[in-house]
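This report concerns only the one structure given below.
Bear in mind these aren't lab numbers, they're just calculated from the coordinates by the rules spelled out. It should be emphasised that the depicted structure is a prediction, and the values quoted were computed from it without experimental measurement. Ideal geometry is used to build each Cβ from the backbone, glycine not excepted, and the neighbour counts take in all protein chains shown.
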Amino acid sequence: MVNSFIAWYLFLAGMGAGAFFISAVVDLALRRASPPWLEAAATVTDGGMYLGPATVVLGLVFLLADLGYPERSFQVFFTASTSLLTLGSWAIVVFLGCSVSALLVGGLLETPVVRRLETMLQVLAAVFAAAVILYSGVYLSAFPSVPFLNNPLVPVTFVLSALSTGMGMLLLFGFVTRDGEDTAAGIPLCLRADGMVIAAKAVALATLLAWAHFGYPEALSVDALVIGQWAGLFWLGVVGAGVAVPAAAELWCAWHPRSLAYVAGAAASIGGGLCLRYAFLLAAMRFSAVTGGAVTFWG
């Protein structure tokens, strides 16, 4: 059974890891070559180096709140197991350790050895950030008793959402903390990349719903999202805020490069990402061994 703490944990961990992954990829690419367009993108994305780990830590606070007894979380690390919970927990710990270490090493005296060490730590952090992004969707899709979530398109949708919300957070962070002239050259590139992710997310989401509509109790979850109890959350939050508003804002900015409409789109994208987690968890149904029927997964 899941609750609000789990929804917030999945949202914050995915968004934070997504922001860091984007930032790390841009930074690592710049270490090999420095084309002007990539340097421009870095003015928007480089905040993810520290914003990403901080957001993942905030997500862990919600995970600990869900456990009720924080000391229980340590059992995961000292139990010989290859479960998704254990692997995911270690992925988060290694990601935080490598990302923070890379920041600390980067502040040392610039030498070839230090530079190589920082690069190695950043590569490891990026790899484990990708694992954290993937973990939340894979974990939810690993329950055969919850057919709506037991679908390979759930991890795909969650990965795309993590990248989109991560980019949204980077755009907002750049807008708030930097002069617009500093980031102006990098914003169009970031918006184009985010637009492709949003389009892919829309396709994955539509395909997932169409696929699930032909099963039981998956069809109950689809009906609850599209026309039922959670239709408002789905259409206004997941589709409206998570897809339509950022897509419209990015198209507007393509025609009006100096527009600040991307700020509203980024904020909507983040809100839509949270709505996506809530909507999926609220609508998911599981088989009950007691009644033989379907009951809600939320509780």
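Details
- What separates the Cα centres of the range 24-68 and the range 223-263 is a distance of 24 Å.
- Each residue of the range 112-119 is assigned a 3J(HN,Hα), and the resulting list reads x, 5, 4, 4, 5, 5, 4, 4 Hz, derived from the Karplus form 6.51 cos²θ - 1.76 cosθ + 1.60 (θ = phi - 60°), x at Gly and Pro.
- Label-to-label distance, nm, for residues given as residue 3 and residue 111 (7 Å Cα→Cβ offset): 5.2
- Mean residue ellipticity, 222 nm, helices only, the chain: the sum of -39500 (n - 2.57) across DSSP H runs of n ≥ 4, divided by residue count and rounded to 500, is -24000 deg cm²/dmol.
- Spin-label model, residue 223 to residue 65: label points 7 Å out along the Cα-to-beta-carbon direction sit 3.4 nm apart.
- Projected label points at residue 31 and residue 127, each 7 Å from Cα along the beta carbon direction, are separated by 1.3 nanometres.
- Scaled against 2.2 N^0.38 Å for its residue count N, the alpha carbon radius of gyration of the range 4-296 is 1.04.
- For the chain: relative contact order, % (alpha-carbon pairs under 8 angstrom, 6 or more apart): 23
- Tail fraction, Cα-Cα pairs, the range 149-190, threshold 11 Å, whole percent: 69
- Derived scalar couplings ³J(HN,Hα) [the range 9-23; Karplus, 6.51 cos²θ - 1.76 cosθ + 1.60; whole Hz; x for Gly, Pro]: 4, 4, 5, 5, 5, x, 5, x, 5, x, 4, 5, 4, 4, 4
- Among the chymotrypsin sites (Phe, Trp or Tyr not before Pro) found in the range 149-236, those both in a DSSP coil and sparsely packed, with 13 or fewer other Cβ atoms within 10 Å of their Cβ, are 214.
- Amide H partners (placed H, <5 Å) of residue 145, local residues excluded: none
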